[in-house]
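Below is one structure, written out as structure tokens; the observations come after it.
The values are calculated or read from the model by the stated rules, or taken from the named source; none is laboratory data. Since the structure is predicted, the reported quantities are computational estimates derived from the model, not experimental observations. Neighbour counts are summed over all protein chains in view; Cβ atoms, including those assigned to glycine, are modelled from backbone coordinates with ideal geometry. Just so you know, the surface numbers come from the protein's heavy atoms only, side chains and all, with ligands and any DNA or RNA stripped out. Shrake-Rupley method; radii C 1.70, N 1.55, O 1.52, S 1.80 Å.
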Amino acid sequence: MTNPLFEDSLLFGANAPFIEGLYESYLQRPQSVPPEWREYFDELQRTAARRAPEVPHSAVIDSIRRANEPYQSAESTVSAIGQDEFGLTTERKQIAVLQLINAYRFLGVRQADLDPLRHQEKPHVPELDPAYYGLTEADMSTVFGTGSLIGPPRAPLGEILQTLRETYCGSIGIEYMYITDTEQKRWIQSRVEGSRAKPDYPPEYKRHILEQLSASEGLEKYLHTRYVGQKRFSLEGSESLIPLLDNLLQRAGGMGVQQSVIGMAHRGRLNVLVNTLGKLPADLFHEFEGKHGQELTEGDVKYHQGFSSAVSTPGGVMRLSLAFNPSHLEIVDPVVEGSVRARQHRLKDRDGDRVLPVLLHGDAAFSAQGVVMETLNLSQTRGYGTGGTVHVVINNQIGFTTSDPRDTRSTLYCTDVSKMIEAPILHVNGADPEAVILVTEIALDFRMRFHKDVVVDMVCFRALGHNEQDEPMVTQPLMYKIIARHPGIRKLYAEKLAAEGVISREQAEQIVKAYRDDMDAGRNPNKTIVYGYQSPDAVDWKPFLQNTNWVLKVQTGLPLADLKQLAERLTDIPSKFKLHSRVEKIIADRRSMSEGKLPLDWGMAENLAYAALLKDGYPVRISGQDSGRGTFFHRHAVLHDQNRERWNEGTYIPLRHIAPDQPDFVIIDSVLSEEAVLAFEYGYATAQPNELVVWEAQFGDFANGAQVVIDQFIASGEAKWGRLCGLVMMLPHGYEGQGPEHSSGRIERYLQLCAEYNIQVCVPSTPAQMFHLLRRQMVRPLRKPLVIMSPKSLLRHKESVSSLEDVAYGSFQNIIPDAEKLDPRNVRRLIACSGKVYYDLLAYRRKNKIEDAAIIRIEQLYPFPHDDFQAEVNRYPQAKDIVWCQEEPGNQGAWHRIQHYLLRHMRPDQVLGYALRPSSASPAAGYLAKHNVQQNELIAAAFREKI
């Protein structure tokens, strides 16, 4: 057999005869090639998984030549002189044939029949022409070895060429030859070349496809006539998406998938809601008429809504979830991945066999929005992988009003970004529903086999404008003249089935009528939908839906004995584990802290909080850039053996050794991304209310790279969609002269987003406060996002420490009263502040021996602790003014948000003032000298005589 012999050569058939010649020389005598090439070929030999050692190929080629001789006609046999005259020997022709086969694998997609509109000419690809390799019409009857091409080991060139064109240039075009892993490439070749990329479905399944297409088209036509002019972002022109999803989910269920989470933008969303997830048409009609089943404080438009349901599959009932999504198109991608990861964690689905992520994209957004790349980059990492995602691009060849490829992207295909993770890309003509189903099957099988992402690029068109009120002819007259003449995908497929004798035209029309009758009745004809299904694996959100008051007091402290036991576990390091000398000192200090010999610092208090939660049964997940060690060298939740011998070994995580059968503790040094990682953690937290989920910014300023996640999901998700979320954001914040991007966590932005008790914004100033704040987030039956302005220089401030007793017997204080013993009758001024500036104020007061100014710390800025603040105002009856002091400029920080809260509690005889930096376009000065001057001025201003 020739196939294995040709498969064994890593470079044979490439478009580089020079390299092949070098390789042949290397196989015969390694010392004959240059050292750099010898080293490269040595590496190929070491890394390739082979059945037998690589051997020189000249003898193999000679045997092929001899094997071919009986099949060649006398007319095609030429003398040696003739061979020289025509330029190619038999051996070189064989090489040319293998090059041609490889060319179709690489470039056949360029000639594939993918566009239903056929409004652009196919490019000329010379590498697909046999003449490019010196092969002529006279060679078409010559029998050649087919190499690794699936099929007969030898065949006439004409048959080989026909096979290649049918396989790679029909309704399906495939890109996969950039994949490094040979097994994956061979698997894809076996699937597409074995069937010649030709679907072969029984008549009953073809009728089922037609029913799905009829439902897809039928809903759009029904809505168009019943709700004229209302926006719905029609799926018309892309109707094959519905049979695609039906096939994908049914086959996935048959493979054991129990849950699937789907993310998509607005195009076709209503169609998917009804025809795939089983939303009752009557409920959708009510939404068109302004009636809503769930009364939320704000709500959202119907084509942003999510939905959950269940469908029966050959493998049992599968739960489906369509994620809520704003108009920011691709931002839902990492949210879905996070939700899937949480579900997989809950089901102990480590390989991703039981929960499947499915992402539907638009062509323009997939190639243009950076979050797509960020999400793809997460796919194979330890902390964010989900076992592979099935991506489906609804490629309607236009982005809003732009369809000129010169304007829409800089790549050949809209899917090229996915090549960065070597995901195979299956392009398919959306007007060929059976081809769509075939690539869907291949895509799912690839994902389940290799647990990698895979992309289906369904090339279709958008029958109407961007929305139903838009006129596309204004900017796309040529495209929409073609679209106006298109009969529709359902009609074309119905005619095809009629011609095959599968179904009559009358029967096809009866399917259309039956669907319309179901719409008139408001019922869903999808028989696979399981209404009222209660999954045994579902999360119970009821405890968090009781409108719990945020002021509810909960026990967050622990008995001293328990704290000391937890501290012992945190500092118990394996005997042969060699710590870095600096880390060894930190661990030794933590032992002293547990014994009461040293006060608790921030790193110890935070680790104790996690340990206490793990002891109580709460899993913990933390991610961020350098979170294991901590950006500021304070956390050290992950320890590194200085004597490690392998790069991927030698770490120890004490928080995984707190108690027998404890829940998981996961801490991840994330990729250098804010947007995708924060969105991932949001999605995770919305699916796991009983797990502490923390995202930490390297510096608080960097969170603005994820502003869309903060605005559209974290701050407003509950008001728009009723989505609860207990995500914690740690944003290192504080002015230490490090410049504009390393000072401010932009607290003003979060306070501006505060309303309707949607989020919590806290600025803890002691280690004990951080301990109780993290504990409270889980112990209290309330799931609201928590934004923490976490410390930087305070991590090592000699005053910013706590005792074990503060942790054991205390609780989180929304406001910390003045810590020093002042006579309230002598206090003329009450200074309120948050965070690090308190310690500067305290030092100034001590240095200047000021006794008539009290300093209080407002540790929770939202929801504002009105009762606690009123108690502080009442404590000082002689105070005639109240000053708010902050490090930030006047147009930033908490000042503009907090002043109306302060005014609400002031007596008529009191005056409100402020001490802060001058308003600035930049959050902080980049010049250290200027920073120091401004810092000294604002501290002094807090104690000035008059305000």
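For the list (1) open to solvent by 20 Å² or more (accessible area, probe 1.4 Å); (2) modelled with pLDDT of 95 or more; (3) closer than 25 Å to residue 337 by Cβ; (4) not charged (D, E, K, R), I need the number of the one condition that residue 613 fails.
Exception for residue 613: condition (1).
Of the residues that make up segment 503-510, is at least one under 21 Å from residue 206 (Cβ atoms), out of contact with any Pro (no Cβ under 6 Å at 6 or more places or on another chain) and in a loop (DSSP other than H, G, I, E, B)?
From segment 503-510, those under 21 Å from residue 206 (Cβ atoms) are 503-510; that's our starting set.
Those still in the list that are out of contact with any Pro (no Cβ under 6 Å at 6 or more places or on another chain) too: 503-510.
Okay, now just the ones that are also in a loop (DSSP other than H, G, I, E, B), so 503-504.
Within segment 503-510, one or more residues are under 21 Å from residue 206 (Cβ atoms), out of contact with any Pro (no Cβ under 6 Å at 6 or more places or on another chain) and in a loop (DSSP other than H, G, I, E, B).
Return the only residue of 191, 232, 251 being assigned by the TED database to the domain that holds residue 331, in contact (Cβ under 8 Å) with a residue 40 or more places away in the chain and open to solvent by 40 Å² or more (accessible area, probe 1.4 Å). Give the steps one after another, and end with the answer.
Numbers: 191 fails: assigned by the TED database to the domain that holds residue 331; 232 fails: open to solvent by 40 Å² or more (accessible area, probe 1.4 Å).
Going through 191, 232, 251 in turn, the sole match is 251.
Yes or no: residue 693 touching a Leu at 6+ places or on another chain (Cβ under 7 Å) and either without any contact (Cβ under 8 Å) to a residue 24 or more places away in the chain or assigned to a strand (DSSP E or B) (or both)?
Spelling it out, residue 693 is indeed touching a Leu at 6+ places or on another chain (Cβ under 7 Å) and either without any contact (Cβ under 8 Å) to a residue 24 or more places away in the chain or assigned to a strand (DSSP E or B) (or both).
Test residue 449 against the criterion of being farther than 19 Å from residue 171 by Cβ and surrounded by fewer than 23 Cβ atoms within 10 Å (Cβ to Cβ), and give yes or no. If you could, list the steps in order and put the result at the bottom.
Working: farther than 19 Å from residue 171 by Cβ: yes; surrounded by fewer than 23 Cβ atoms within 10 Å (Cβ to Cβ): yes.
Taking the combined requirement at face value, the residue satisfies it.
Residues in segment 512-561 that are more than 30 Å from residue 315 (Cα to Cα) and either open to solvent by 40 Å² or more (accessible area, probe 1.4 Å) or hydrophobic (A, V, I, L, M, F, W, C) (or both): how many?
Of all residues in segment 512-561, those more than 30 Å from residue 315 (Cα to Cα) come to 513, 516-517, 520-521, 543-561.
Next, from what is left, pick out any that are either open to solvent by 40 Å² or more (accessible area, probe 1.4 Å) or hydrophobic (A, V, I, L, M, F, W, C) (or both): 513, 516-517, 520-521, 543-547, 549-555, 558-561.
Adding up the residues that qualify gives 21.
Just one of the numbered conditions (1) farther than 30 Å from residue 369 by Cα; (2) open to solvent by 40 Å² or more (accessible area, probe 1.4 Å); (3) in contact (Cβ under 8 Å) with a residue 40 or more places away in the chain; (4) not small (Gly, Ala, Ser) is not true of residue 311; which one?
Every listed condition holds for residue 311 apart from (2).
I'm trying to understand the selection: among the residues of segment 742-772, which are more than 28 Å from the chain's Cα centre (by Cα) and in a helix (DSSP H, G or I)?
767, 768, 769, 770, 771, 772
Specify the residue that is modelled with the lowest pLDDT; the eligible residues are those in segment 700-725 that are touching a Pro at 6+ places or on another chain (Cβ under 6 Å) and open to solvent by less than 20 Å² (accessible area, probe 1.4 Å). Full working, then the answer.
The first filter runs over segment 700-725 and keeps only residues touching a Pro at 6+ places or on another chain (Cβ under 6 Å), leaving 700, 712, 714, 725.
Applying the additional criterion that residues be open to solvent by less than 20 Å² (accessible area, probe 1.4 Å) yields 700, 714, 725.
Values: 700: 88, 714: 96, 725: 96.
The extreme case among them is 700.
Going by what's in this entry, would residue 226 be described as open to solvent by 10 Å² or more (accessible area, probe 1.4 Å) and outside the structural domain of residue 272 (by the TED database)? Break it down into steps so the answer makes sense when it comes.
Working: open to solvent by 10 Å² or more (accessible area, probe 1.4 Å): yes; outside the structural domain of residue 272 (by the TED database): no.
Answer is no for this residue.
How about segment 346-364: which of its residues are open to solvent by 10 Å² or more (accessible area, probe 1.4 Å) and of a type outside the set (D, E, K, R)?
Within segment 346-364, 347, 362, 364 qualify.
Contact list please: Cβ distance under 7 Å, first residue in segment 346-370 and closer than 17 Å to residue 263 by Cα and assigned to a loop (DSSP other than H, G, I, E, B), second residue open to solvent by 10 Å² or more (accessible area, probe 1.4 Å) and among the aliphatic types (A, V, I, L, M), pairs at least six apart or on different chains.
Note: pairs meeting the criteria are 369/329.
Search segment 636-662 for residues being in a loop (DSSP other than H, G, I, E, B) and of a type in the set (Val, Ile, Thr), and hand back the single one that is surrounded by the fewest Cβ atoms within 10 Å (Cβ to Cβ). Talk me through it step by step, then tell me what you get.
We begin by selecting, within segment 636-662, every residue in a loop (DSSP other than H, G, I, E, B); these are 636-638, 641-650, 653, 657-662.
Applying the additional criterion that residues be of a type in the set (Val, Ile, Thr) yields 638, 653, 658.
Values: 638: 18, 653: 13, 658: 19.
Once the filter is applied, the top-ranked residue is 653.
What number of residues within segment 371-425 satisfy the criterion of being surrounded by fewer than 22 Cβ atoms within 10 Å (Cβ to Cβ), assigned to a loop (DSSP other than H, G, I, E, B) and more than 16 Å from the chain's Cα centre (by Cα)?
Residues in segment 371-425 being surrounded by fewer than 22 Cβ atoms within 10 Å (Cβ to Cβ), assigned to a loop (DSSP other than H, G, I, E, B) and more than 16 Å from the chain's Cα centre (by Cα): 8 in total.
Those residues that are among the acidic types (Asp, Glu) and either surrounded by 12 or more Cβ atoms within 10 Å (Cβ to Cβ) or touching a residue at least 12 places away in the same chain (Cβ under 8 Å) (or both), I need them from segment 892-947; list them, please.
Taking segment 892-947 first, the residues among the acidic types (Asp, Glu) are 909, 937, 945.
Hits for segment 892-947 are 909, 937.
Every residue in segment 118-132 that is at pLDDT 95 or above and more than 21 Å from residue 416 (Cβ to Cβ), please.
Selection gives 126, 129, 130, 131, 132.
Select from segment 505-522 the residues that are free of Cβ contacts under 8 Å to residues at least 12 places away in the same chain and basic (Lys, Arg) and write down the one among them that is nearest to residue 219 (Cα to Cα).
513
Please work out if residue 147 is in contact with a helix residue (DSSP H, G or I) (Cβ under 8 Å, 6 or more places away or on another chain) and outside any helix (DSSP H, G or I). Step through it out loud before you land on a result.
Working: in contact with a helix residue (DSSP H, G or I) (Cβ under 8 Å, 6 or more places away or on another chain): yes; outside any helix (DSSP H, G or I): yes.
Yes.
Taking residue 803 as meeting all but one of (1) open to solvent by less than 10 Å² (accessible area, probe 1.4 Å); (2) among the small types (Gly, Ala, Ser); (3) in contact with a Gly (Cβ under 8 Å, 6 or more places away or on another chain), write down the number of the exception.
(1)
Only one of these conditions is not met by residue 618: (1) more than 16 Å from residue 777 (Cβ to Cβ); (2) open to solvent by 20 Å² or more (accessible area, probe 1.4 Å); (3) of a type in the set (Phe, Trp, Tyr). Which number is it?
Answer for residue 618: the failing condition is (1).
Kindly establish whether residue 105 is open to solvent by less than 50 Å² (accessible area, probe 1.4 Å), under 30 Å from residue 436 (Cα atoms), among the charged types (D, E, K, R) and within 39 Å of the chain's Cα centre (by Cα).
On the way: open to solvent by less than 50 Å² (accessible area, probe 1.4 Å): yes; under 30 Å from residue 436 (Cα atoms): yes; among the charged types (D, E, K, R): yes; within 39 Å of the chain's Cα centre (by Cα): yes.
Yes: the conditions hold for residue 105.
Can you tell me which residue among 825, 857 is closer than 19 Å to residue 874 by Cα, not assigned by the TED database to the domain that holds residue 778 and not in a strand (DSSP E or B)?
On the way: 857 fails: not in a strand (DSSP E or B).
Within the list 825, 857, the selection yields 825.
Look at residue 344 and say whether it is farther than 22 Å from residue 716 by Cα and either out of contact with any helix residue (DSSP H, G or I) (no Cβ under 8 Å at 6 or more places or on another chain) or not assigned by the TED database to the domain that holds residue 209 (or both). Write out each step before concluding.
On the way: farther than 22 Å from residue 716 by Cα: yes; either out of contact with any helix residue (DSSP H, G or I) (no Cβ under 8 Å at 6 or more places or on another chain) or not assigned by the TED database to the domain that holds residue 209 (or both): yes.
Answer is yes for this residue.
Which members of segment 735-755 meet the condition of being within 30 Å of residue 298 (Cα to Cα) and touching a helix residue (DSSP H, G or I) at 6+ places or on another chain (Cβ under 6 Å)? Reasoning before the result, please.
Filtering segment 735-755 down to residues within 30 Å of residue 298 (Cα to Cα) leaves 745-755.
Scanning segment 735-755 gives 745, 751.
For segment 162-187, which residues satisfy the criterion of being surrounded by fewer than 20 Cβ atoms within 10 Å (Cβ to Cβ) and either assigned to a helix (DSSP H, G or I) or touching a Phe, Trp or Tyr at 6+ places or on another chain (Cβ under 7 Å) (or both)?
Once the filter is applied, which keeps residues that are surrounded by fewer than 20 Cβ atoms within 10 Å (Cβ to Cβ) and either assigned to a helix (DSSP H, G or I) or touching a Phe, Trp or Tyr at 6+ places or on another chain (Cβ under 7 Å) (or both), segment 162-187 yields 162, 165, 166, 177, 182, 183, 184, 185, 186, 187.
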